[in-house]
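*Asks:* Before we start, here is the structure in question, set down as structure tokens.
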């Protein structure tokens, strides 16, 4: 069951990459029979549910199995399958109708499933992993699932009442994205990472401080994405404190890792260390960019240009989240690796780097209202590299034994 779920996660990533190629092709050339906006909705919703959420669920269940035993996979299978059902439902319905009855129904179903998973997993944490620092981080992630859904409901309300004010619409979108990216995704990843590090003697205290700092900063840090709104001065100072707390948390995390680097290396496979380092670099850039965005004029400028927003979202989703998840899975569940899987992952990572460089170049050029020649072809090329890399990974997984 675990093997099937892991393989399915990477197949879902293949589907996400495939749609990414289509989206980039349509921008560079023409596919008149495809609605770009509708397909983009399907792409993003499935990237969240079919790739990241599915793999996070699988890995979190794996953490729980260390305390509860492998029967836990049977207990959670219907949550995993229900999440996949809603994910594929959104993948198929959004490209056809955009925000319509069917797609919204699948989206609502996805939220209800996340609620059920949260309740079940929270109870199991209290029963089997109470008092652990990793459990604290995971609980922050589960709370964020619920909070993020409020942004979705706000969007639905505006659409039903046909009261789509631009500022409130964007504020709701960024609310949802913040508590997905910086809540559910980030704290689940932190929980997975801490679940390994808390085994090292002397690390519990700094790890607890790290989780608490990011936990305190999470809610006010939402306004880092909304500084373009006319917020009161007290809210701005609260945002600035949140950004500083994140930097302090990052500094303690780096210091802790460097202090125990030899012990940490023994917990993860050597061939995954470079991936963790890349993910860490992307996360560091993310935190520093968020600190920089506390400058109001810079924030208004950045969020006023779509290429910059897209570049930032891809930095986090691909550069940090996806690379970390691949590294963690590679280190903990692939029984053995070979040159082929390493090459495949290398191609995928190279595609991420090329994609990010081009997106950031496009964003910086947009600030000056400059156009970059053949940038659309370049981004299509990057999408093709990502597609080739993830296709190769899926082929390699057929030949690699996964720990059951």
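The values are calculated or read from the model by the stated rules, or taken from the named source; none is laboratory data. The shown structure was predicted, so the numbers you read here are calculated from the model rather than taken from an experiment. Counting neighbours? That spans all protein chains shown, and the Cβs are built from the backbone with ideal geometry, glycine included.
*Asks:* Condition first: over 22 Å from residue 64 (Cα atoms), touching a helix residue (DSSP H, G or I) at 6+ places or on another chain (Cβ under 7 Å) and outside any helix (DSSP H, G or I). Now tell me which residues in the stretch 187-240 satisfy that.
*Replies:* Within the stretch 187-240, 226, 227, 228, 229, 231 qualify.
Residue-by-condition table, conditions (1) in the same structural domain as residue 148 (by TED's automatic domain parsing); (2) modelled with pLDDT under 95; (3) in contact with a helix residue (DSSP H, G or I) (Cβ under 9 Å, 6 or more places away or on another chain); (4) surrounded by fewer than 16 Cβ atoms within 10 Å (Cβ to Cβ):
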{"residue": "65", "(1), (2), (3), (4)": "no, yes, yes, no"}
{"residue": "72", "(1), (2), (3), (4)": "no, yes, yes, no"}
{"residue": "82", "(1), (2), (3), (4)": "no, no, yes, no"}
{"residue": "100", "(1), (2), (3), (4)": "no, yes, yes, yes"}
{"residue": "113", "(1), (2), (3), (4)": "no, no, yes, no"}
{"residue": "118", "(1), (2), (3), (4)": "no, no, yes, no"}
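*Asks:* Scanning for something in a helix (DSSP H, G or I) and surrounded by 19 or more Cβ atoms within 10 Å (Cβ to Cβ), does the stretch 157-169 turn up at least one residue? Break it down stepwise before answering.
*Replies:* At the first step, the residues of the stretch 157-169 found to be in a helix (DSSP H, G or I) are 157-161, 166-169.
Keeping just the survivors that are surrounded by 19 or more Cβ atoms within 10 Å (Cβ to Cβ) gives none.
No, every residue in the stretch 157-169 fails to be in a helix (DSSP H, G or I) and surrounded by 19 or more Cβ atoms within 10 Å (Cβ to Cβ).
*Asks:* Still on this structure: Filter the stretch 274-299 down to the residues that are touching a residue at least 40 places away in the same chain (Cβ under 8 Å) and farther than 26 Å from residue 174 by Cα, then identify the one that is surrounded by the fewest Cβ atoms within 10 Å (Cβ to Cβ).
*Replies:* For the stretch 274-299, the residue satisfying everything is 276.
*Asks:* Condition (residue is more than 19 Å from residue 222 (Cβ to Cβ) and in contact (Cβ under 8 Å) with a residue 60 or more places away in the chain) applied to the stretch 153-164: is it met by at least one residue?
*Replies:* yes
*Asks:* Kindly indicate the residue of the stretch 120-156 that is in contact with a helix residue (DSSP H, G or I) (Cβ under 8 Å, 6 or more places away or on another chain) and not in a helix (DSSP H, G or I) and also modelled with the lowest pLDDT among those meeting that condition.
*Replies:* Applying the filter and picking the extreme gives 129.
*Asks:* Does any residue of the stretch 86-94 turn out to be under 22 Å from residue 158 (Cβ atoms) and without any contact (Cβ under 8 Å) to a residue 24 or more places away in the chain?
*Replies:* No.
*Asks:* I've got another one for you. Give me the residue from the stretch 84-98 that is assigned to a helix (DSSP H, G or I) and either surrounded by fewer than 19 Cβ atoms within 10 Å (Cβ to Cβ) or not assigned by TED's automatic domain parsing to the domain that holds residue 56 (or both) and, out of that set, nearest to the chain's Cα centre (by Cα).
*Replies:* Looking only at the stretch 84-98, we keep the residues that are assigned to a helix (DSSP H, G or I), and these are 84-97.
Now drop any that are not either surrounded by fewer than 19 Cβ atoms within 10 Å (Cβ to Cβ) or not assigned by TED's automatic domain parsing to the domain that holds residue 56 (or both), which leaves 85, 88, 92, 96-97.
Working: 85: 20, 88: 18, 92: 21, 96: 25, 97: 25 Å.
Filtering first and then ranking leaves 88.
*Asks:* Scan the stretch 354-374 residue by residue and report those that are surrounded by 15 or more Cβ atoms within 10 Å (Cβ to Cβ) and within 21 Å of residue 317 (Cα to Cα).
*Replies:* 354, 355, 356, 358, 359, 360, 361, 362, 363, 364, listed by residue number.
*Asks:* Within the stretch 47-57, does at least one residue satisfy the condition of being farther than 30 Å from residue 140 by Cα and buried (at least 19 other Cβ atoms within 10 Å of the Cβ)? Before the answer, list the steps.
*Replies:* Within the stretch 47-57, the first condition is being farther than 30 Å from residue 140 by Cα, and the residues that meet it are none.
No, every residue in the stretch 47-57 fails to be farther than 30 Å from residue 140 by Cα and buried (at least 19 other Cβ atoms within 10 Å of the Cβ).
*Asks:* If residue 238 passes every condition in (1) crowded, with 18+ Cβ neighbours inside 10 Å; (2) farther than 19 Å from residue 191 by Cα but one, which one does it miss?
*Replies:* Single failed check for residue 238: (1).
Here is a yes/no grid of residues against (1) within 28 Å of residue 176 (Cβ to Cβ); (2) part of a helix (DSSP H, G or I); (3) touching a helix residue (DSSP H, G or I) at 6+ places or on another chain (Cβ under 6 Å):
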| residue | (1), (2), (3) |
| --- | --- |
| 313 | yes, yes, no |
| 323 | yes, yes, yes |
| 343 | no, yes, no |
| 346 | no, yes, no |
| 354 | no, yes, yes |
| 369 | no, no, no |
| 385 | no, yes, yes |
| 390 | yes, yes, yes |
| 395 | no, yes, no |
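*Asks:* Could you list, in sequence order, all residues of the stretch 348-363 that are over 22 Å from residue 326 (Cα atoms) and free of Cβ contacts under 8 Å to residues at least 40 places away in the same chain?
*Replies:* Pass one, the stretch 348-363, residues over 22 Å from residue 326 (Cα atoms): 358-363.
Matches in the stretch 348-363: 358, 361.
*Asks:* Being within 20 Å of the chain's Cα centre (by Cα), closer than 17 Å to residue 153 by Cα and either in the same structural domain as residue 8 (by TED's automatic domain parsing) or surrounded by fewer than 17 Cβ atoms within 10 Å (Cβ to Cβ) (or both): is that true of residue 104 here?
*Replies:* Details: within 20 Å of the chain's Cα centre (by Cα): no; closer than 17 Å to residue 153 by Cα: yes; either in the same structural domain as residue 8 (by TED's automatic domain parsing) or surrounded by fewer than 17 Cβ atoms within 10 Å (Cβ to Cβ) (or both): yes.
So residue 104 fails the test.
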